[in-house]
1. So in region A:106-126, with the set limited to residues that are part of a helix (DSSP H, G or I) and under 20 Å from B:T136 (Cα atoms), which one is nearest to the other protein chains (Cβ to nearest Cβ)?
2. So for region B:296-316 (the condition being among the acidic types (D, E) and closer than 25 Å to A:A305 by Cα), does at least one residue qualify?
3. Does A:E50 fit the bill of being over 23 Å from A:S299 (Cα atoms), charged (D, E, K, R) and either surrounded by 15 or more Cβ atoms within 10 Å (Cβ to Cβ) or in the same structural domain as A:V37 (by TED's automatic domain parsing) (or both)?
4. Report every pair of residues separated by at least 6 positions or lying on different chains whose Cβ atoms are under 8 Å apart, first residue within region B:334-346 and within 23 Å of B:R249 (Cβ to Cβ), second of a type in the set (S, T, N, Q) and assigned to a loop (DSSP other than H, G, I, E, B).
5. If you check every pair at least six apart or on different chains, which have Cβ atoms under 8 Å apart with a residue in region B:3-14 that is farther than 17 Å from B:N59 by Cβ first and a residue that is crowded, with 24+ Cβ neighbours inside 10 Å and hydroxyl-bearing (S, T, Y) second?
6. Taking the condition within 14 Å of another protein chain (Cβ to nearest Cβ), more than 22 Å from A:R29 (Cα to Cα) and either crowded, with 24+ Cβ neighbours inside 10 Å or more than 12 Å from the chain's Cα centre (by Cα) (or both), does B:I97 pass?
7. I need the strands (runs of 3 or more DSSP E) fully contained in region A:228-303, keeping only those with at least 3 residues that are buried (at least 18 other Cβ atoms within 10 Å of the Cβ), within 10 Å of chain B (Cβ to nearest Cβ) and modelled with pLDDT under 95.
8. Go through region B:345-360 and report how many residues are over 34 Å from the mean Cα position of the chain (by Cα) and in a loop (DSSP other than H, G, I, E, B).
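The values are calculated or read from the model by the stated rules, or taken from the named source; none is laboratory data. Model, not experiment: these values are computed from the prediction. Note that each Cβ is placed from the backbone with ideal geometry, even for glycine, and that neighbours are counted across all protein chains shown.
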Number of protein chains: 2
Amino acid sequence: MINIALLGFGTVGKGAYEILTNKKDSIKRVVGEEVQVKKILKRNLNFKTEIDKSLFTDNFEDIILDEDIKLIVEMTGDVEKSYIYIKKALNSKKHVITANKGVVSEYFEEFLEIADKNKVAFLYEAAVAGSIPIITPLKSQVITNDISRVRGILNGTSNFLLTNMQVRKSKYDEILKEAQDLGYAEADPYDDVEGVDALRKLRILSTIAFKSSIKNEEILRRGMSTIDLNDILYLEKHRQKIKLIAESRMEDGAFKSVVEPVILEVGDELYGIDGAENIVEIYGENYGSLSFAGEGAGSLPTGNAIVSDVIDALGGNYYPVEITRHLENKSSDIYAKYYIRINRKINLDGENWIHSFENHEDYIIVSTNTIKRSFLLDKIRELNLSENEYFFARFN
Amino acid sequence: MINIALLGFGTVGKGAYEILTNKKDSIKRVVGEEVQVKKILKRNLNFKTEIDKSLFTDNFEDIILDEDIKLIVEMTGDVEKSYIYIKKALNSKKHVITANKGVVSEYFEEFLEIADKNKVAFLYEAAVAGSIPIITPLKSQVITNDISRVRGILNGTSNFLLTNMQVRKSKYDEILKEAQDLGYAEADPYDDVEGVDALRKLRILSTIAFKSSIKNEEILRRGMSTIDLNDILYLEKHRQKIKLIAESRMEDGAFKSVVEPVILEVGDELYGIDGAENIVEIYGENYGSLSFAGEGAGSLPTGNAIVSDVIDALGGNYYPVEITRHLENKSSDIYAKYYIRINRKINLDGENWIHSFENHEDYIIVSTNTIKRSFLLDKIRELNLSENEYFFARFN
């Protein structure tokens, strides 16, 4: 019998518990012993449940001091508390599985080091792209392959909003409100729609893929919340779609990382990824690209990734993350063509960075030549536009 | 130092050797010891190479009797010889990696049993969908998930032909000839275009996914070689594409498995998989589906999958295949709507299985209502059509 503990019993915690219970026999056959949830940490113990109430505790000490507990699954979502929980658990030689991208992205290298020092597993498949097995294959691929590019649709909420605006020809605010009512979007959607969530996941993927620490603050970011139905309709006419894409590239021995809206053509691998679906694509020297798609969130999808990690940790079936170099950050050197919609009439005659523009009743649509991203931001700043007066997206 | 041997030194063998050599250091860091190719089996030793000639042998005994060799990689492509090689190697307690879908699909259960008995690894990631990691994640997914459906585009050659016919509006024979000249298709393309190759891969995937032996001869099969440019143009008008799809489903506790041309709509996950690309999609109880796409063949893509297996085998990082039940085969009970093109004018008035039909100059196009697949085959037989006089595909 192997005892484990769960920290947090929300949507994801319940999903993980359900799978651990229902798949007890097949897990036992693979791991060699029965895996049992001995304790569950929960802030508020005054609640109803069908599960044995004696499993629950509101005191982390009950778990960390219990030498019988070999592994903890951290699913609190709280960055500061979970940082302490994870560190203490690793230092107590307990394996740690987490679904918390916030804390992983913030303290990735530190956790890897502590886990390594204590010879325990630190796994976080559920923190990136929900149900999709991507961390495990990526750690394997980097042994045999130099990875030159990672990109993906890593946030289901923003993709859900974009897809529904397009399919239903509805405004951003309407779709967001509906998504919030249905529980598909948070009351405060900032992290999802402004690319913060996708950026954290990109930071984890890029660090593993490029074998160099690529921190949250090194990645450029622009969200999709200022998008207008007019943008979507305009691009749809050209059979194009907008997606919030997280992407890191290796170029001339440096890395470039950005999360921003990108305009995709029909043939693109990411074009068909609609609704709350996620996808990750990696480019290796031994092949063009590999892509991995599936549900990026939800109780059972995320729970499934967690339980896979539990099995890997207990069986010792996982590869290390190697950070063997320090790559220069050239994200400020990104060059591309951009689409810009501006809700104001401005004179662009003689501007040689403009490829073409169209005047509409209340706004103009501009296509740029290939320009430096920072140049674009400077130009926007010069125009003194408020956040809601413009939207831009990169042509892929 | 861990010594291994390669059997076969064709396209795939060279790719695997190149990666093993170039990635020696990173493989050593993960495995703990240097992995060295000590012997390479090759039929004809009269050839030029930059590799140390003393590594090569034409005698399998040199390898099987060498106790220093801990692992063999079988890449001969020959089913009968490789059966003997693999059995002898496993019985000599050597790990076996193979890229040979022919031999794996023919003797899957036997190899699994012998490997298990001898406590060595038997891995075959490269035998299914080239560079795509699918066997490894699938073996992991079945521990936490009941898989209800597996489908994919598992043959790059036939997909290449279909895509190029559509993109270039060219006839089957022309594209095939060109593909053969370029080396994308074999001189004898039978296994690829008639679905034999895809069927072997489906047999392996379905057996793992459903935990029940699903043998080659239990899977229904229809190729795509009688397709006509008219079929493709007709469907393109409706924004549909034809793909050769391999699919197994669980229904009412039984399985249904078939490889045949399928008509896909724009929204389908498989719609955008063009050219020589492969994709595998699995449906689990804990999520809608996961899909894995990438290059299905080639020297380095396949070599990459082999080297990943070598690392997994030496590190003991792999899960067992569990065959815990015997599912009934209900493949003959498949019901669907079909598209049929017949190069003959026949009277279909009053046939209540016909949904609609169109008369063209030299042929008719029929859409059926939902019918039993075997009923369709009976009807085609009744018409005494020669193989080249008709083509059918399932509507998805």
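1. As a first pass, look at region A:106-126 and keep what is part of a helix (DSSP H, G or I): A:106-118, A:125-126.
Narrowing the set further to residues that are under 20 Å from B:T136 (Cα atoms) leaves A:125-126.
Values: A:E125: 10, A:A126: 12 Å.
Per the stated criteria, the residue is A:E125.
2. Start the filter on region B:296-316 by keeping residues that are among the acidic types (D, E), which leaves B:309, B:312.
Filter again for closer than 25 Å to A:A305 by Cα, leaving B:309, B:312.
Within region B:296-316 (the criterion being among the acidic types (D, E) and closer than 25 Å to A:A305 by Cα), the answer is yes, since at least one residue qualifies.
3. Details: over 23 Å from A:S299 (Cα atoms): no; charged (D, E, K, R): yes; either surrounded by 15 or more Cβ atoms within 10 Å (Cβ to Cβ) or in the same structural domain as A:V37 (by TED's automatic domain parsing) (or both): yes.
No; evaluated as a whole, the condition is false for this residue.
4. That search, which allows pairs on different chains as well, returns B:Y335/B:T370; B:A336/B:T370; B:K337/B:N369; B:K337/B:T370.
5. So the pair list comes out as B:T11/B:T302; B:V12/B:T302.
6. On the way: within 14 Å of another protein chain (Cβ to nearest Cβ): yes; more than 22 Å from A:R29 (Cα to Cα): yes; either crowded, with 24+ Cβ neighbours inside 10 Å or more than 12 Å from the chain's Cα centre (by Cα) (or both): yes.
Considered against the rule, which asks whether it is within 14 Å of another protein chain (Cβ to nearest Cβ), more than 22 Å from A:R29 (Cα to Cα) and either crowded, with 24+ Cβ neighbours inside 10 Å or more than 12 Å from the chain's Cα centre (by Cα) (or both), B:I97 comes out as yes.
7. Numbers: elements: A:241-251, A:254-264, A:277-284, A:287-295.
No strands (runs of 3 or more DSSP E) qualify here.
8. Qualifying residue count for the region: 9.
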